[in-house]
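Engineer: Here's a structure for you.
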2 protein chains.
Amino acid sequence: MRNIAVLGFGVVGGGIYEALKPCINPPLSEVNIKYILDLRSFPGHPLADRVTSDYDRILADGSVEAVVETMGGVDPAYGFCLAALKAGKHVITSNKAVVDAHGEELERVAMENGVCYLYEASVGGGIPVVEPMRSCFYADTVTRVAGILNGTTNYILTHMRSEGITLAEALDVARRLGYAERDPKADLAGLDTARKLAILAGIAFGRYISYTDIPVIEGIEDVTLEDIQLAEQAGCLIKLFAVAERSGPDHAHMTVAPFLVGWHSLFHAVHDAQNAVCVTGSIVGDTVFYGSGAGRMPTAAAVCGDVARALNGDYKYHIRKKCEPGFILPEDESRFRKAVLPNGKTYRVYEK
Amino acid sequence: MRNIAVLGFGVVGGGIYEALKPCINPPLSEVNIKYILDLRSFPGHPLADRVTSDYDRILADGSVEAVVETMGGVDPAYGFCLAALKAGKHVITSNKAVVDAHGEELERVAMENGVCYLYEASVGGGIPVVEPMRSCFYADTVTRVAGILNGTTNYILTHMRSEGITLAEALDVARRLGYAERDPKADLAGLDTARKLAILAGIAFGRYISYTDIPVIEGIEDVTLEDIQLAEQAGCLIKLFAVAERSGPDHAHMTVAPFLVGWHSLFHAVHDAQNAVCVTGSIVGDTVFYGSGAGRMPTAAAVCGDVARALNGDYKYHIRKKCEPGFILPEDESRFRKAVLPNGKTYRVYEK
């Protein structure tokens, strides 16, 4: 029996229980969710008796090897993660806000305590990308990370076009299907995308980068049905892209914005809540990882993959350096080709 | 200094030297190619003095930690790999023929000798897929592996369509550009694709599977320019697909054949010598890995990634079971929808 605690028994937290149930191979088949930290109770749930609001009890229980944090938001999640690491417990998270704001400290504290801090599920939902970026580009220099990193906005843009509906209408549908949060601002304004880009670019460029360092973060609030239809007449879709690119050894550009993408691009076929990340190595060229970018079970599966990695001791430390001031260059307006739609609106063009 | 030997200094072997040169991070920055096993000599090459035709010298040198085999073909490569493992040296290979024919034995001997046998570069060139399949689907059951696994045939089919040329003409171009071997039969007949499918399906399904177990292996020899043009009029491309799919716990279907693929599919955008592999997990759904499926440097980069993994001790053993007779079902003609082109020719339809 390998005991873990799950902090936050919402969409993803509950999914972890569902994902673990059918596992027949160790270490996941041996995992026991000994505690669930939540202020709510879950009467009738098979794990109802595991729910507690007393985090100190979890910290004090030496039999708990790992803590899985799926609460979302920076506080109190950050403090809980820090305390768990200091108590010698592995921490696995799907919470990109904490990774973005405190990843540097948490990775260091994990190393100091001989445990791990893993966050595959914080970017790209169920797509393996954090781990492959760390373990599969040894011989290469990653020069560029780009992609569609937010399932909610991609779902909205896909359905505005396919159904001929407005952003507000598509948002309503997305909400009803569970693809959008009650407060969708972080998604629509590009902040969620920016956080994920900061995590991926940080890994790619060996620095701790925060989304607040990204000079251009535009969302999809100003994308109209008319824009989408005019773009389509020109053979393009409008997609919310995140692009981070090296510019020599000491500089990088980073941009989050809606782009036009042509039909020849692989990204043209990234529909609905799917995500895709293109990692460009100087030797290997473009490598794309595609899959379910959001959703209860894909995210839970990614978390469980990290739980297995933690319990197997199958992780390494990847301590990066601080992002030096000036590493991220101000937006260079000439970096992307631009196209003007017949209604006068200008969009950047995604060329790959 | 970490000494390795490279067996076969051809396209990929030479690329490994080029890929290692700029590496600035350990362990690859510390790698020294102490020996090159080749019957040819390479006057003027910086490593000309490392070339030997005496394999026993390499085996007897206890300072050689890893042997990289890029010779191609089953013999003598297989014997060389086996001897290296027995001598306690890691073996890294890009040679899918040996992996297919002797992978079971070589993985077992590697484990018995406390070293590793790694073959990321044997499938999908520079695309990380073997390692992610092993380390990123812990919590999931892989139900299906499918994709475009052969760069040569994909290049030929892409150019038949874009240039309006015959298969023979496109093959000539592919040969001139180094995308096709002098004897392209293994590529054109689907055998190379089948070997790669057998490796991926074996990992996915936890069994050692040989391409000779695959009931349907059709290549692209009978695909005409007319077929491609008629398919295009129906909004489809013709692509050589490999598909392996679970059918309950004890059975799987495996097929290699040209398929029609519609414009909505991600695979529609897999052009030229690119490869793409879709791994379907029962929880995570479809995850696609895309990138350079062939070529000197992408393949060399994948080999170097495995070299780093071996020298860092960053590998695990994944011993599988034998493929029981009857596990792979005979072809079920109704498994794929079929479409008849106006010229009377029938193709399977790839639906994802």
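The values are calculated or read from the model by the stated rules, or taken from the named source; none is laboratory data. What you see is a predicted model, and the numbers here were worked out from it, not measured in a lab. Heads up, the Cβs are rebuilt from the backbone with ideal geometry, glycines too, and the neighbour counts pull from every protein chain shown.
Engineer: I'm told B:His268 meets every condition in (1) at positive phi; (2) facing chain A (nearest Cβ under 8 Å) except one. Can you identify the failing condition by its number?
Structural biologist: Going through the list (1) at positive phi; (2) facing chain A (nearest Cβ under 8 Å), B:His268 breaks only (1).
Engineer: Same structure, new question: Under the condition of being within 11 Å of chain B (Cβ to nearest Cβ) and either closer than 21 Å to B:Asp286 by Cα or assigned to a strand (DSSP E or B) (or both), which residue from region A:246-262 is farthest from the chain's Cα centre (by Cα)?
Structural biologist: Ranking the candidates gives A:Gly262 first.
Here's the yes/no breakdown for (1) over 27 Å from B:Leu20 (Cβ atoms); (2) within 9 Å of chain A (Cβ to nearest Cβ); (3) touching a residue at least 24 places away in the same chain (Cβ under 8 Å):
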{"residue": "B:Thr280", "(1), (2), (3)": "yes, no, yes"}
{"residue": "B:Asp286", "(1), (2), (3)": "yes, yes, yes"}
{"residue": "B:Met297", "(1), (2), (3)": "no, yes, yes"}
{"residue": "B:Ala300", "(1), (2), (3)": "no, yes, yes"}
{"residue": "B:Tyr315", "(1), (2), (3)": "no, no, yes"}
{"residue": "B:Glu324", "(1), (2), (3)": "yes, no, yes"}
{"residue": "B:Glu333", "(1), (2), (3)": "yes, no, no"}
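Engineer: On to the next question. Looking at B:Asp49, B:Asp56, B:Asp61, B:Asp38, can you tell me which residue is crowded, with 17+ Cβ neighbours inside 10 Å and among the acidic types (Asp, Glu)?
Structural biologist: B:Asp38
Engineer: Here's another thing I want to ask about it. Enumerate the pairs (first residue in region A:173-188 and over 16 Å from A:Val12 (Cα atoms); second residue anywhere and surrounded by 12 or more Cβ atoms within 10 Å (Cβ to Cβ) and at pLDDT below 80) with beta-carbon separation below 9 Å, excluding pairs fewer than 6 apart on the same chain, so at least 6 apart or on different chains.
Structural biologist: A:Arg175/A:Glu181; A:Asp187/A:Glu181
Engineer: Only residues that are buried (at least 20 other Cβ atoms within 10 Å of the Cβ) and touching an Asp or Glu at 6+ places or on another chain (Cβ under 7 Å): list them for region B:248-288, please.
Structural biologist: Once the filter is applied, which keeps residues that are buried (at least 20 other Cβ atoms within 10 Å of the Cβ) and touching an Asp or Glu at 6+ places or on another chain (Cβ under 7 Å), region B:248-288 yields B:Ala252, B:His253, B:Thr255, B:Val256, B:Ala257, B:Pro258, B:Cys278, B:Thr280, B:Gly281, B:Ile283, B:Val284.
Engineer: Taking the options B:Ile24, B:Ile92, name whichever one is under 23 Å from B:Gly305 (Cβ atoms), surrounded by 22 or more Cβ atoms within 10 Å (Cβ to Cβ) and among the hydrophobic types (A, V, I, L, M, F, W, C).
Structural biologist: Step by step, each of B:Ile24, B:Ile92 is checked, and only B:Ile92 is under 23 Å from B:Gly305 (Cβ atoms), surrounded by 22 or more Cβ atoms within 10 Å (Cβ to Cβ) and among the hydrophobic types (A, V, I, L, M, F, W, C).
Conditions (1) under 17 Å from A:Leu157 (Cβ atoms); (2) charged (D, E, K, R), marked per residue:
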| site | (1), (2) |
| --- | --- |
| A:Ala276 | yes, no |
| A:Gly281 | no, no |
| A:Thr287 | no, no |
| A:Arg296 | no, yes |
| A:Thr299 | no, no |
| A:Ala302 | no, no |
| A:Val307 | no, no |
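Engineer: Do the conditions hold for A:Ala198, that is, is it within 22 Å of A:Glu105 (Cβ to Cβ) and part of a helix (DSSP H, G or I)?
Structural biologist: Yes, satisfied.
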